[in-house]
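Below is one structure, written out as C-alpha cells; comments come after it.
The values are calculated or read from the model by the stated rules, or taken from the named source; none is laboratory data. Everything quoted here is computed from the prediction, not taken from an experiment. Glycine also receives a Cβ, built like all others from the backbone with ideal geometry; neighbour counts cover every protein chain displayed.
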Amino acid sequence: MGLISDEYVRLLGAWPSPFVLRTRIALNLKRVPYEYLEEEDSLNSESVLNYNPVHKQIPILIHGNKPIRESLNIVMYVDETWLSGPPILPSDPFDRAVARFWDVYIDEHCFTSINGVAVAKDEEERKAAIAKLEMCMALLEETFQECSKGRGFFGGDNIGFIDIGFGSMLGPLKVLEKFTGVKFIHPETTPGLFHWVDRFYSHEAVKPVMPDIEKLVEFARLKKKKHKTKMAQKGSNSTVKLLGTWSSPFALRGRVALHLKSVEYEYIEEADVLNSKSDLLLKSNPIHKKVPVLIHGDVSICESLNIVQYVDESWPSKPSILPSDPKDRAAARFWAHFVDGNCFESIDAAAGAKDEAGRMTAAGSLIECLAALEEGFQKSNKGGDFFGGQNIGYVDIACGAILGPLSVIEAFQFLSPETTPGLVQWAEIFKAHEAVKPYMPTVAEFIEFAKQKFNV
C-alpha cells in the first residue's frame, strides 16, 4: 500500500462481534471514512496479533499507524478525535461519568448474563441467569427514563455513548430470545426500551452495519456446535481411569473430584501398594511410583492436588471446585499445600512416634495446624457448610483427606467442639456428602491399615 497517511483509518473486525459494531456506529455518526478489514479468524490473525499483542482481540482501530484497542476506548477516541457530527459523550463531566458507568455495567453484567444463559449446564443455572438478565433490563429501563429526559435516546435527541454500548448487545439479545422463547425487552415491562429499539435499529448510523438476526442465529448454532465438538475432543468422552488404593487419603481426593463433576471412570485398585507396585502404576508414574494416578486418554496426571485441579479444568461443568476469583484461588491453594506440608506430616509423626515424648511433640504440632485450619474455615466459609461456601471446594477436598488418618490417633481428641467447633461440624457434613460417603473408609479399616503401615 506504500506510505500510510496520518489520517488514514482502518478497522479490524468481524461481522458477528457486538464490540466491533460499536466502533462502526461511532465512525458512522462522525462520518469518518474508513477501510473495514474483516478478520475471519481473529484469534490467529497476524494483523490482530501485531496490533493487539496484549489481548489479541478485535476491534482494533488503526489511525495512521496508531492502533487503538478495546471497543469503548475506541468510541471515546473517535468522539474526541473527530469533532464533526453529533457528540457521543455528553459535555457535562457528571453526565459523562454516568454514561461511562452504565456502559461498564452493560459489559460486566448484561453481556455476562447473556453468556450465562447461553452456556447454562442445567435448568436451575439457566433460570438464575435469565433472572439476572431480566434484572439488568429493568435497571436499564430506569436508566433510559432518567437519561433520555423524555426524548428518543439515552443520549437525548441523538444516539450517545450508552445507546452505542447497549445497542451493540441487541443482536445477541434477540438471538437469545429465539433460543429461549423469553422476551427480555417487552412493551409491558420495559416500554421505554421497547420503543427505543426500533428507533435505534432504523438510525442511519446503525442500519447499514447491524448484522442480520437470522445470520446471527445461524452463527450462534455453529459456535455452540463447535464448542461441543471441542469439549469432546478435549477429552470429555475419552477413557478415564483412576489408579488408587482404598486406604489412600490422596486417592480419596481424586474420587471426590471426579464424583462432583459426574465423570464416568474406571477405578483400578492397587491391592498391595505398601509392598508391590503394578506395572501400570510404574508406567504411569515412573518418578514417584505412587497413587493416585489419573489416566485420561493417553495422558497420565499424578499428585492428588494436581489431579483435582486437572479435573476441575477439564470438565468445566458445575460445580466449580476452585473459586473463580484469582485471590480466592490463591488462598485455596495455600491451604491445600498447608494441609499436605504440615497436617499430614504431624499426623504421620504422631502415629509413628516411638516414645511418649515424640508423640506429644507431634500432637502439639498437629493441634497448632488444626487451630490454623479452624481459623481458615471461619474466614472462608462465608456462612456456608464448607470451606468453599455452600458447596464442597478445593480446600474441603484437601482437608477432607486428613479425616481418616486423624481418626486413627483420635485418642488425643484433636477435633473438639470446644477448640475446633467449625471443623467438627464441617467434618460430619463432609463425610456425609454424596460425593464423599461412598469412598470414605471406616475408622476400623483405617486403624487396621495404620497397624500394617507402622508395624504396631
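Taking the range 365-402 only, how many residues are outside any loop (DSSP other than H, G, I, E, B) and touching a residue at least 60 places away in the same chain (Cβ under 8 Å)?
Adding up the residues that qualify gives 6.
Looking only at the range 241-267, how many residues end up being surrounded by fewer than 19 Cβ atoms within 10 Å (Cβ to Cβ) and touching a Leu at 6+ places or on another chain (Cβ under 8 Å)?
Residues flagged as surrounded by fewer than 19 Cβ atoms within 10 Å (Cβ to Cβ) and touching a Leu at 6+ places or on another chain (Cβ under 8 Å) within the range 241-267 amount to 4.
Sort out which residues of the range 144-168 are buried (at least 21 other Cβ atoms within 10 Å of the Cβ) and modelled with pLDDT of 95 or more, and write them in order of number.
Phe144, Phe154, Ile159, Gly160, Phe161, Ile162, Asp163, Ile164, Gly165, Phe166, Gly167, Ser168
Residues to consider are Asp163, Asp198; find the one that is within 20 Å of Arg100 (Cβ to Cβ) and assigned by TED's automatic domain parsing to the domain that holds Leu140.
The unique qualifying residue is Asp163.
State whether the residues of the range 324-332 include one that is surrounded by 18 or more Cβ atoms within 10 Å (Cβ to Cβ), hydroxyl-bearing (Ser, Thr, Tyr) and under 13 Å from the mean Cα position of the chain (by Cα).
Checking the range 324-332: not a single residue is surrounded by 18 or more Cβ atoms within 10 Å (Cβ to Cβ), hydroxyl-bearing (Ser, Thr, Tyr) and under 13 Å from the mean Cα position of the chain (by Cα).
Quick check on my filter: what residues within the range 81-98 are farther than 18 Å from Thr23 by Cα and among the β-branched types (Val, Ile, Thr)?
Correct list: Val98 only.
Could you please find all residues in the range 177-200 being over 25 Å from Arg31 (Cα atoms) and either aromatic (Phe, Trp, Tyr) or buried (at least 23 other Cβ atoms within 10 Å of the Cβ) (or both)?
Across the range 177-200, the qualifying residues are Phe179, Phe184, Leu193, Phe194.
In the list Ile106, Ile114, Ile58, which residue meets the criterion of being of a type in the set (Val, Ile, Thr), within 26 Å of Phe219 (Cα to Cα) and touching a strand residue (DSSP E or B) at 6+ places or on another chain (Cβ under 6 Å)?
Ile58
Step by step: first the residues of the range 302-338, then only those that are in contact with a Ser or Thr (Cβ under 9 Å, 6 or more places away or on another chain) and outside any loop (DSSP other than H, G, I, E, B), then the one that is farthest from Leu370 (Cα to Cα). Which residue is that?
Checking each candidate, the answer is Ser314.
Within the range 204-223, restricting attention to residues that are surrounded by fewer than 19 Cβ atoms within 10 Å (Cβ to Cβ) and more than 33 Å from the chain's Cα centre (by Cα), which residue is farthest from Ser113 (Cα to Cα)?
Here the answer is Glu204.
When the range 79-115 is examined, which residues are found to be closer than 28 Å to Ile130 by Cα and either touching a Ser or Thr at 6+ places or on another chain (Cβ under 7 Å) or not assigned by TED's automatic domain parsing to the domain that holds Leu176 (or both)?
Passing the criteria: only Trp102.
If a residue must be farther than 17 Å from Gly404 by Cα and buried (at least 20 other Cβ atoms within 10 Å of the Cβ), how many such residues does the range 349-368 contain?
The number of residues fulfilling the criteria is 1.
Would you be able to tell me the number of residues in the range 205-224 that are among the aliphatic types (A, V, I, L, M) and either free of Cβ contacts under 8 Å to residues at least 12 places away in the same chain or within 13 Å of Leu170 (Cβ to Cβ) (or both)?
So the answer is 6.
In the range 410-428, which residue that is crowded, with 17+ Cβ neighbours inside 10 Å and in a loop (DSSP other than H, G, I, E, B) is modelled with the lowest pLDDT?
Phe414
Go over the candidates Ala371, Ala401 one by one and state the one that is buried (at least 18 other Cβ atoms within 10 Å of the Cβ) and of a type in the set (Gly, Ala, Ser).
Ala401
What number of residues in the range 429-456 are more than 14 Å from Pro249 (Cβ to Cβ), modelled with pLDDT of 80 or more and in a helix (DSSP H, G or I)?
2
Restricting to the range 152-210, what's the tally of residues that are under 19 Å from Ser71 (Cα atoms) and of a type in the set (S, T, N, Q)?
Selection size over the range 152-210: 1.
Looking at the range 348-364, can you tell me whether even one residue there is touching a Cys at 6+ places or on another chain (Cβ under 7 Å) and in a helix (DSSP H, G or I)?
Within the range 348-364 (the criterion being touching a Cys at 6+ places or on another chain (Cβ under 7 Å) and in a helix (DSSP H, G or I)), the answer is no, since none of the residues qualifies.
Looking only at the range 234-251, decide whether some residue is modelled with pLDDT under 80, on the phi < 0 side of the Ramachandran plot and basic (Lys, Arg).
yes
List the number of the failed condition for Asp298; all other conditions in (1) surrounded by fewer than 17 Cβ atoms within 10 Å (Cβ to Cβ); (2) under 25 Å from Phe387 (Cα atoms) hold.
Checking Asp298 against (1) surrounded by fewer than 17 Cβ atoms within 10 Å (Cβ to Cβ); (2) under 25 Å from Phe387 (Cα atoms), the one that fails is (2).
Okay, residues lined up against (1) hydroxyl-bearing (Ser, Thr, Tyr); (2) assigned by TED's automatic domain parsing to the domain that holds Val256; (3) at pLDDT below 90:
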site	(1), (2), (3)
Val291	no, yes, no
Leu294	no, yes, no
Val299	no, yes, yes
Cys302	no, yes, no
His337	no, no, no
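May I ask you to say which residue of Ser317, Ser407, Ser346 is over 20 Å from Tyr439 (Cα atoms) and either modelled with pLDDT of 90 or more or crowded, with 18+ Cβ neighbours inside 10 Å (or both)?
Exactly one of Ser317, Ser407, Ser346 is over 20 Å from Tyr439 (Cα atoms) and either modelled with pLDDT of 90 or more or crowded, with 18+ Cβ neighbours inside 10 Å (or both), namely Ser346.
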